[in-house]
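Step one of this worksheet: look at the structure below.
The values are calculated or read from the model by the stated rules, or taken from the named source; none is laboratory data. These numbers come from a predicted model, not from an experiment. Heads up, the Cβs are rebuilt from the backbone with ideal geometry, glycines too, and the neighbour counts pull from every protein chain shown.
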Amino acid sequence: MTDIGLIAIGAGLAIGLAALATGLAQAKIGSAAVGAILEKPESLGTVLILLVIPETLVIFGFTVAILILFTLK
């Protein structure tokens, strides 16, 4: 396998695994958020912020993928 192929696989894994982890985290946070909003409707703003925080993981994964792709030897 060529170096370019391994670099592409590394970049794909960086963003793919980050997206998978974000999806799992948001699933758990989302189910807990529904219960929290039902009990205390004024917590909607806090819950939305907590749902957005895991998205930074995908942004970090995307950043790492870009760095992997554009730092060729």
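Of everything in the range 24-70, what is over 30 Å from Ile4 (Cα atoms) and of a type in the set (Ser, Thr, Tyr)? Give them in sequence order.
Residues satisfying the conditions are Ser31, Ser43, Thr46.
Working carefully through the options Ile4, Ile66, Ile49, find the one that is in a helix (DSSP H, G or I), exposed (fewer than 14 other Cβ atoms within 10 Å of the Cβ) and modelled with pLDDT under 90.
On the way: Ile66 fails: modelled with pLDDT under 90; Ile49 fails: modelled with pLDDT under 90.
On inspection, the qualifying residue turns out to be Ile4.
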